[in-house]
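Remarks on the structure that follows.
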Amino acid sequence: MRLANKIALVTGGAQGLGFAIAKTFAEHGAKVVITDLQVELGDAAAATINQQFNDRCRFIQQDVTNEERWQQVVEETLGSFGKLDILVNNAGIALTASIEDETLEGWRTTQAVNLDAVFMGTQMAVRAMKKNGGSIINISSIEGMVGDPKIPAYNASKGGIRLLTKSAALYCAQEGYAVRVNSVHPGFIRTEMVEKGLDSVGPEAWDMVQQAIPAGKLGIPEDVAYGALYLASDESTYVNGSELVIDGGFLAR
Ligand SMILES: NC(=O)c1ccc[n+]([C@@H]2O[C@H](COP(=O)([O-])OP(=O)(O)OC[C@H]3O[C@@H](n4cnc5c(N)ncnc54)[C@H](O)[C@@H]3O)[C@@H](O)[C@H]2O)c1
C-alpha cells in the first residue's frame, strides 16, 4: 500500500500504459480517476480495476486538448475526493511522417495532444497541489531524448515535455511548494501504439526493434507502471525535475 490515502488522476487511462499505471496505483491503495477520449474502453477499464480493487477507480471522459474540460476534470476530482495528490500526464499520440512529409496539421495535432495538454495539466495540478503537495508525472519517451527520422513532430513534443517538466519542477521548488514534477521516458513497450506502428511496417520492424534493445525484448506496461508508482509515492520525496528512463537499456549504448 505505497499510495494509501492518495488521490490520483491518470489521463489516457483507458488502455496501454495509462491503464497499467491506474491499476498499479489502485493496487497500492490510491483512489484513481482515469480520463480518456474513448468512453466505452474507459468505462470498461474502470470496471476492471473496481472489480479487483474495491471501487477505487472512476472514469471521466476528457479530451486533453480542451482547456475548459481540464478545469472541469480537476474540479470534479477535487469535488469527489477533496484533494489531488498525483497527476500522470499520459495521454498521447504518435503520427508517423518524415520532416519532408509531415503536414502543419499533423504537427499541430501532435503538439496539442502531447505537449499543450501536458502544459495545461501540469499548470492546473500545480495550482491544485501547491497547498498540500503532490507529484506530477509526465510521460515523455526515449524519443524525447534522441531523434528519429520518421517522427519529427513526436520527437519535438516529447522533447518539449522533458524541459517543461524541469521548468515546472524548479518553479515549485523556488516557490516552496511540496510539488514534484518528473518525466518518464519509456522505450519500446508492448501497447496498441507500438504494436500498430510495428505491424504497419511488417515483421522485419519487429525483428529490428527487438535486436536493437539490449534486453532483447520489448517492455510490458507494468515496467512503466512500477516506475510511475515510485515517482507517485513518498519514497521519491527528494526526486524532482528528474528523468526516469525505462527502456531495456536502449539509450545506454
Ligand atoms: N508504448 C510505448 O512504447 C511508449 C513509449 C514511449 C512513450 N509512450 C507514451 O506513453 C503514453 C501512452 O502510450 P500507449 O503506448 O499506452 O498508447 P495507447 O495508444 O495504447 O494509449 C493512449 C491513450 O491515450 C488516449 N488519448 C489519445 N488522445 C487523447 C486525447 N486527446 N484526450 C484524451 N485521451 C487521449 C487514447 O484514447 C488511448 O487510450 C503516450 O504519451 C506515449 O507517447 C509510449
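Each value in this text was obtained by applying a stated rule to the coordinates, not by laboratory testing. On a predicted model such as this, the values are computed, not experimentally measured, just so you know. Neighbour counts are summed over all protein chains in view; Cβ atoms, including those assigned to glycine, are modelled from backbone coordinates with ideal geometry.
Compute the Kirkwood hydrodynamic radius of segment 78-218, taking the inverse of the mean of 1/r over all pairs of distinct Cα atoms, and give it in Å to one decimal. Provide the component values of the computation, followed by the final result.
On the way: mean 1/r = 0.0609 Å⁻¹.
When all Cα pairs of segment 78-218 are included, the Kirkwood radius is 16.4 Å.
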*Under the definition of Cα pairs under 8 Å and six or more residues apart, what whole-number percent is the relative contact order of the chain?*
19 percent
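Based on the Kirkwood radius over alpha-carbon pairs, what is the Stokes-Einstein translational diffusion coefficient of segment 120-196 at 37 °C with 0.692 mPa s viscosity, in µm²/s?
Details: Rh = 13.5 Å.
It comes out at roughly 244 µm²/s.
Report the per residue volume, in Å³, of the convex hull enclosing the C-alpha atoms of the chain. Walk me through the intermediate numbers first.
On the way: hull volume 31.4 nm³, N = 253.
Measuring per residue, one finds 124 Å³ for the Cα hull of the chain.
With a ≥ b ≥ c the root eigenvalues of the C-alpha gyration tensor of segment 164-253, is it rounded (a/c under 1.5), prolate (a/b larger than b/c) or oblate? Before the final figure, lay out each step's value.
Details: a/c = 2.81, a/b = 2.64, b/c = 1.06.
The shape class here is prolate.
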*asked:* Need the list of lysines near Lys196 for cross-linking: C-alpha distance under 19 angstrom, and skip anything on the same chain fewer than eight residues off.
replied: Lys150, Lys217
*Return the long-range amide H neighbours of Arg180 (sequence gap of 5 or more, or a different chain), with a cut-off of under 5 Å between placed amide H atoms.*
Gly134, Ser135, Ile136
*Fewest-first sequence of Trp206, Trp107, Trp70 by Cβ atoms within 10 Å of each Cβ*: Trp206, Trp107, Trp70
*With θ set to phi - 60°, apply the Karplus curve 6.51 cos²θ - 1.76 cosθ + 1.60 along segment 112-118 and write out the HN-Hα couplings as whole Hz, x wherever there is a Gly or Pro.*
4, 6, 8, 10, 4, 5, 5
*Express in whole angstrom the spacing between the alpha-carbon centres of segment 179-200 and segment 1-38.*
16 Å
*Pop out the Kirkwood hydrodynamic radius of segment 151-207 from its pairwise C-alpha distances, inverse of mean 1/r, in Å to one decimal.*
13.9 Å
*Starting from the amide H of Val245, placed 1.01 Å from N in the peptide plane, find each other amide H under 5 Å away whose residue is 5 or more places distant or on another chain.*
His185
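For segment 1-121, report the convex hull volume of the alpha-carbon atoms normalised per residue, in Å³, without decimals. If you can, show how the numbers build up before the last one.
On the way: hull volume 12.1 nm³, N = 121.
Given the Cα convex hull of segment 1-121, per-residue volume reads 100 Å³.
How would you rank Cys172, Cys57, going from fewest to most other Cβ atoms within 10 Å of each one's own Cβ? Could you put the intermediate results ahead of the total?
Working: Cys172 23, Cys57 26.
Fewest-to-most ranking of Cys172, Cys57: Cys172, Cys57.
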*Test item: Cα-centred dipole of segment 66-207, Lys/Arg +1 and Asp/Glu -1 on Cβ, debye*: 840 debye
_Cross-link reach list, lysines versus Lys6, counting only Cα pairs under 27 Å and skipping chain neighbours closer than eight places_ = Lys23, Lys31, Lys83, Lys130, Lys131, Lys166
*asked:* If N is the number of residues in segment 34-84, what value comes out of its Cα radius of gyration divided by 2.2 N^0.38 Å?
replied: 1.17
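Rank the residues Glu143, Glu100 as a footprinting-exposure proxy: fewest other Cβ atoms within 10 Å of their Cβ go first. Display every interim value, and only then the final one.
Working: Glu143 20, Glu100 7.
By the 10 Å Cβ count, ascending, the order reads Glu100, Glu143.
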*Would you kindly state how much longer the chain becomes between Met193 and Ile93 on full extension, computed as 0.36 nm times their sequence separation minus their alpha carbon distance, in nm to one decimal?*
35.2 nm
